[in-house]
1. Which is of a type outside the set (K, R) and in a loop (DSSP other than H, G, I, E, B), of E129, E118?
2. Considering only region 202-237, state which residues are outside any loop (DSSP other than H, G, I, E, B), out of contact with any Phe, Trp or Tyr (no Cβ under 9 Å at 6 or more places or on another chain) and either at positive phi or touching a residue at least 24 places away in the same chain (Cβ under 8 Å) (or both).
3. Name every residue in region 205-232 that is open to solvent by 20 Å² or more (accessible area, probe 1.4 Å) and in contact with an Asp or Glu (Cβ under 6 Å, 6 or more places away or on another chain), in order of residue number.
4. Kindly list the number of the only condition in (1) in a loop (DSSP other than H, G, I, E, B); (2) in contact with a helix residue (DSSP H, G or I) (Cβ under 8 Å, 6 or more places away or on another chain); (3) of a type outside the set (S, T, N, Q) that fails for L183.
5. Could you list, in sequence order, the residues of region 142-184 that are in contact (Cβ under 8 Å) with a residue 12 or more places away in the chain and either under 17 Å from Y217 (Cα atoms) or among the β-branched types (V, I, T) (or both)?
6. Would you mind telling me which numbered condition in (1) within 22 Å of Y217 (Cβ to Cβ); (2) touching a helix residue (DSSP H, G or I) at 6+ places or on another chain (Cβ under 6 Å); (3) assigned to a loop (DSSP other than H, G, I, E, B) N198 fails?
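The values are calculated or read from the model by the stated rules, or taken from the named source; none is laboratory data. Since the model is a prediction, treat every value here as computed from it, not as a measurement. No Cβ is skipped: glycine too gets one built from the backbone with ideal geometry, and neighbour counts run over all protein chains shown. Just the protein is used for accessible areas: all its heavy atoms, side chains included, with ligands, DNA and RNA removed. Shrake-Rupley method; radii C 1.70, N 1.55, O 1.52, S 1.80 Å.
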Amino acid sequence: MSTEPTSEQPDTPPSTDRTRMIIVTITVLVGLVVASIPLLTTLMSSDDASSSSSSPTASAPSLSDPQSAPSSPDATSAPAAPGPVEVSHRVACPKPTNGATPSPTAELRDVRLPCLTEGDAPSETSMAEQLAGKPSVINVWAWWCGPCREELPIIQQLAQDNPQWNVVGVHLDAKAQAGADLLKTLNVTDLASYQDSNHTFDAATGIPKVVPVTIVYRADGTRAATFAQTFDSEAELQQKIQEAL
């Protein structure tokens with residue numbers, strides 16, 4: 001009885017098994033890297049957003065966190081004061097106009113602020129009474145405000161070129177000495193400025209809690225416009241004021 005030969009498969013060489021294992025391992029690793037890309041992208045985006053949201057707004061520093069804003073190197077060493085105090089050097093003070101009567105609806109009729117450099121006693125007359133008779137431009141600023149540092153010389157030049165308007169500042173911070181230091185450093189000592197240590201002005205006007213802010217009033221003391229922005233030139237600011245009036 002004859003027996004037919006049986007065909008058998010040859011054994012797989014060890015080198016082929018190793019090659020397959022290497023290919024499988026590389027495939028798994030590549031898959032893991034590709035799968036992790038969306039997660040890494042999300043984490044990086046979250047970090048960038050967090051960094052952006054924590055940065056101060058250069059054009060409008062917030063009154064709620066003044067120390068996060070750019071500061072004046074000459075003013076940072078000034079001591080805090082509980083209220084406006086007489087400072088070591090004088091800057092210009094607002095001067096009453098022609099004694100005109102403001103409108104009964106003038107929002108500054110109950111706001112009595114002292115000059116930045118004239119001690120801590122409130123003025124006997126209101127800002128509405130002092131400024132009545134001419135249109136008024138009031139720039140609200142603070143010693144720690146970087147954009148204010150750039151804008152204040154423009155405000156002073158606006159005052160010098162437009163005597164038909166009252167152009168004054170309101171220093172909205174308790175550190176009167178620091179405010180005067182900044183004006184002296186910038187050579188803006190001709191810009192008449194009030195001192196507001198207790199947020200009387202912004203409480204009365206309801207302006208945004210940022211600086212700088214420029215408010216335009218008509219001759220009777222009623223408000224014509226509010227600009228919560230920084231102006232880069234006198235021409236731009238003057239055009240906005242003329243359009244408001």
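1. Numbers: E129 fails: in a loop (DSSP other than H, G, I, E, B).
Every option except E118 fails the conditions.
2. Within region 202-237, D202, A204, T205, V210, Y217, E234 qualify.
3. Of region 205-232, the ones open to solvent by 20 Å² or more (accessible area, probe 1.4 Å) are 206, 208-210, 218-220, 222-224, 226-230, 232.
Within region 205-232, just T230 meets the criteria.
4. (1)
5. From region 142-184, those in contact (Cβ under 8 Å) with a residue 12 or more places away in the chain are 142-162, 164-184; that's our starting set.
Those that are in contact (Cβ under 8 Å) with a residue 12 or more places away in the chain and either under 17 Å from Y217 (Cα atoms) or among the β-branched types (V, I, T) (or both): I154, I155, L158, A159, N162, Q164, W165, N166, V167, V168, G169, V170.
6. (2)
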